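Visitor: Supplied in structure tokens, the structure appears directly below.
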Amino acid sequence: MSHSLKPGVVSGKDLQTLITACKEGGYALPAVNVTGTNSLNAVLEAARDNNADVIIQLSNGGAEFFAGKGMGDSFKAKVLGAVSAAKHVHLLAEHYGVCVVLHTDHANKKLVPWVEAMLDHGEEFYKETGKPLFSSHMVDLSEEDIDYNLSECARLLERMVKIDMSIEIELGVTGGEEDGVGSDDIDNDKLYTQPSECLQAYEKLAPIGHFSLAASFGNVHGVYKPGNVKLRPDILKNSQALVQETHGTDHNPLDLVFHGGSGSEKEKIEESLGYGVFKMNIDTDTQFAFAEPVGAFVKEHPVAFEHQIDPETGEPQKKLYDPRKWLRLAEQGMVERLGEAFIDLKSKGKSIAKKECCQGKSSCAA
Ligand SMILES: [Zn+2]
């Protein structure tokens, strides 16, 4: 079946259409953490260049940085930074001609008030525009017991569905650490979600509204030496099968999310795509891709980063230290790395956004 949507931020039914297109097409969208307009615009540019839809997300720390690390009130900055980033995307996304999902990353128990404060803004925005500010928020209570995890997520989802939003939840623990959420020293078996827990989540949340599920199958945040944890995508397969058998649903009923995609083996990524993974988070690799060209540039032009005028030649260095020069290189580094991600996730060329040329016309072949 072919699907198409208007370019811009997608939510509600349109988000489900986009997820269905991913799952039917056997591809996933990269979910890229951004911390400012440079990284954010780089994601939009990369999506446009690759004719792919994309997910833009902010961690609580990324949102705080977006508002300004020096703002003072850290909680307020986390909320307003997220709101500011979202409004930036609402204004620009359609002009890049692709579909964009707007999302926030891990919120543990301590950060539930952050999610609730963003929902206050989201409800306000919905009143004004008929659209939610974010397509979805993640609520990660995987460190709590499962009954608490699911009932708290159910409570928040009840509020979200009223403004056409989805929730992302987590079961089991993703290894590594992301912005202070998570830990390095957890039992190995906790790194693997049980299919019975996925079934429990489906039974609790599906009747309320749309949810996606970050199940742990040995995935780890960040890039570490390989060998410590084994990726086991069969856990995803078994979870899908259990829900399908128990409730007689269609194939791959769960909308799955792959956390800790940076540095993962490409064959395992590919295997997980067949099991209903529509979203893969990427942060560590794009951070490095943003930083690396800047490092090379500074190394190549050390004088420009110490003197406004070269003390030996008398040459002004303004053209080199102008932030637009080296920040653009950072953006381009990120765009290039995301090009690889779209290929790995098989989403390159798969945007379902209707192009400018054919909007409203059924005769267009583009
Ligand atoms: Zn994560």
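Visitor: Below 8 Å, C-alpha to C-alpha, sequence gap of six or more: please give me the relative contact order for the chain in percent.
Guide: Rounded, it is 21 percent for the chain.
Visitor: For region 1-63, what is the convex hull volume of its Cα atoms per residue in Å³?
Guide: Per residue, the Cα convex hull of region 1-63 comes to 93 Å³.
Visitor: If you bin every alpha carbon distance in region 70-118 into 10 Å steps from zero, what whole percent lands in each bin?
Guide: 22, 45, 26, 7
Visitor: Taking the convex hull of the Cα atoms, report for region 127-168 its projected area averaged over all directions, in nm².
Guide: Average projection, Cα convex hull of region 127-168: 2.8 nm².
Visitor: Among DSSP bridges having both ends in the chain, what percentage is antiparallel? Round to the nearest 5.
Guide: Just about 15 percent of them are antiparallel.
Visitor: Moving on. Quick one: check the C-alpha center-to-center distance for region 270-307 versus region 106-158, whole angstrom.
Guide: Measuring centre to centre over Cα atoms gives 29 Å.
Visitor: Further, regarding this structure: In percent, what relative contact order does region 11-129 have, based on Cα pairs under 8 Å that are 6 or more apart in sequence?
Guide: This gives 24 percent for region 11-129.
Visitor: GNM on the chain, C-alpha springs below 10 Å: top fluctuator among Gln308, Gln244, Gln287?
Guide: Highest fluctuation of the listed residues: Gln308.
Visitor: Which ordering of Tyr148, Tyr126 is given by a fewest-first count of other beta-carbon atoms within 10 Å?
Guide: Least crowded to most crowded, the residues run Tyr148, Tyr126.
Visitor: For the pairs Lys69/Lys268; Lys6/Lys325; Lys23/Lys325; Lys110/Lys350; Lys279/Lys354; Lys23/Lys162, flag any whose C-alpha to C-alpha distance is greater than 29 Å.
Guide: The answer is Lys69/Lys268; Lys6/Lys325; Lys23/Lys325; Lys110/Lys350.
Visitor: How long are the three semi-axes of the equivalent ellipsoid of the chain, in whole Å, if each is the root of 5 times an eigenvalue of the C-alpha gyration tensor, listed from largest down?
Guide: Each semi-axis is the square root of five times an eigenvalue, giving 34, 24, 22 Å.
Visitor: What number, in percent, do you get for the relative contact order of region 278-322 if the mean sequence gap of Cα pairs under 8 Å and at least 6 apart is divided by its residue count?
Guide: 23 percent
Visitor: Let me ask something else about it. What's the longest bit of the chain with no exposed GluC sites (Glu not before Pro), using DSSP loop states and at most 14 other Cβ atoms within 10 Å as the test?
Guide: Formally, the longest exposed-site-free interval is 1-143.
Visitor: Would you mind telling me which residue in Val98, Val115, Val294 has the biggest mean-square fluctuation in a Gaussian network model of the chain, where springs connect alpha carbons within a distance under 10 angstrom?
Guide: Val294
Visitor: For region 60-159, would you read off the P(r) tail past 23 Å as a percentage of all alpha carbon pairs?
Guide: 29 percent
Visitor: How big is the dipole moment of the chain about its Cα centre under a simple scheme where the beta carbon of each Lys and Arg is +1, that of each Asp and Glu is -1, and everything else is neutral? Debye, nearest 20, please.
Guide: Around 1240 debye, computed over the chain.
Visitor: In addition: If you wrap region 214-353's Cα atoms in a convex hull and average its projection over all directions, what's the area in nm²?
Guide: 11.6 nm²
Visitor: In which sequence would Thr193, Thr129 go, from the one with the fewest C-beta neighbours within 10 Å to the one with the most?
Guide: Least to most surrounded, the residues fall as Thr129, Thr193.
FYI, it's all coordinate maths here, none of it is from the lab. Everything numeric in this text was worked out from a predicted model, so none of it was measured. Using ideal geometry, Cβ is built from the backbone for each residue, glycine included, and neighbour counts are taken over all protein chains shown.
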